[in-house]
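Visitor: Below is one structure. I have some questions about it.
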């Protein structure tokens, strides 16, 4: 597996490869991970997210999964990065975390089979699908303000290629305390299924992101909290509220 990241150097975006505790550019420049200012690992034209996918989430809601996945859209202006600040808007009280795995599209994708879908994936990243539950009722249909406010889609630290999504643990921590824990084998629809399902009707292009769903125990956080999402083999995404 190889991990690529995007960082800001002298005001410009630079693609680097992680090598141990260092980030190495194609021209040989070397940067320490702890000193790097991370950018989102890709530049999407769209960010799509799954409503429900984990069995634990449906049990928590005392509901059943739909017959097929349902989706919503997060605006590009919601995109955020590793170590980026997540902003709870004024007059809002209920900002919830949702640790997720993010699919990054690698080449233009339309009308592909589940078996072919993996060929169109550049790699995977860690995401946090934050939501403003102050708007849960008023925006129940579109989820626009619930999920679409600025900064509510952090993704990173990088993109890991050739990652096998089967039997991987996902965990979310708030101020170091474990809040969410599950395994990708408990997802109803796997990564290849989601790509193929969406690409039946929507053309996916390089950089597009698909948030693949969150486990149970999404809860509100407060200003000053540090929220971290860790996925086995993908790393740890950290954001401060």
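The values are calculated or read from the model by the stated rules, or taken from the named source; none is laboratory data. Just so you know, these numbers come straight off a predicted model, no measurement behind them. A quick note on method: Cβ atoms are made from the backbone with ideal geometry, for glycine too, and the neighbour counts reach across all protein chains shown.
Visitor: Go through (1) outside any strand (DSSP E or B); (2) under 16 Å from the mean Cα position of the chain (by Cα) and name the single condition residue 201 misses.
Guide: (2)
Visitor: Shifting gears a bit: Which of the residues that make up the stretch 184-193 are closer than 16 Å to residue 55 by Cα and part of a helix (DSSP H, G or I)?
Guide: 184, 185, 186, 191
Visitor: Is at least one residue of the stretch 39-59 out of contact with any strand residue (DSSP E or B) (no Cβ under 7 Å at 6 or more places or on another chain) and at positive phi?
Guide: no
Visitor: Only one of 49, 25, 13, 36 is at pLDDT 95 or above and within 19 Å of residue 210 (Cα to Cα); which?
Guide: Of 49, 25, 13, 36, the one residue that is at pLDDT 95 or above and within 19 Å of residue 210 (Cα to Cα) is 49.
Visitor: For residue 57, only one of the following conditions fails: (1) surrounded by 22 or more Cβ atoms within 10 Å (Cβ to Cβ); (2) part of a strand (DSSP E or B); (3) in the same structural domain as residue 166 (by TED's automatic domain parsing). What is its number?
Guide: Residue 57 satisfies all of (1) surrounded by 22 or more Cβ atoms within 10 Å (Cβ to Cβ); (2) part of a strand (DSSP E or B); (3) in the same structural domain as residue 166 (by TED's automatic domain parsing) except (2).
Here's the yes/no breakdown for (1) within 17 Å of the chain's Cα centre (by Cα); (2) in contact (Cβ under 8 Å) with a residue 40 or more places away in the chain; (3) surrounded by fewer than 23 Cβ atoms within 10 Å (Cβ to Cβ):
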site: 154; (1), (2), (3): yes, yes, no
site: 157; (1), (2), (3): yes, yes, no
site: 167; (1), (2), (3): no, no, yes
site: 173; (1), (2), (3): yes, yes, yes
site: 190; (1), (2), (3): yes, no, yes
site: 207; (1), (2), (3): yes, yes, yes
site: 216; (1), (2), (3): yes, yes, yes
site: 239; (1), (2), (3): yes, yes, no
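Visitor: Can you find a residue that is over 19 Å from residue 43 (Cα atoms) and modelled with pLDDT of 95 or more anywhere in the stretch 132-142?
Guide: Looking through the stretch 132-142, at least one residue is over 19 Å from residue 43 (Cα atoms) and modelled with pLDDT of 95 or more.
Visitor: Only one of 151, 218 is in the same structural domain as residue 98 (by TED's automatic domain parsing), within 17 Å of residue 53 (Cα to Cα) and part of a loop (DSSP other than H, G, I, E, B); which?
Guide: 218
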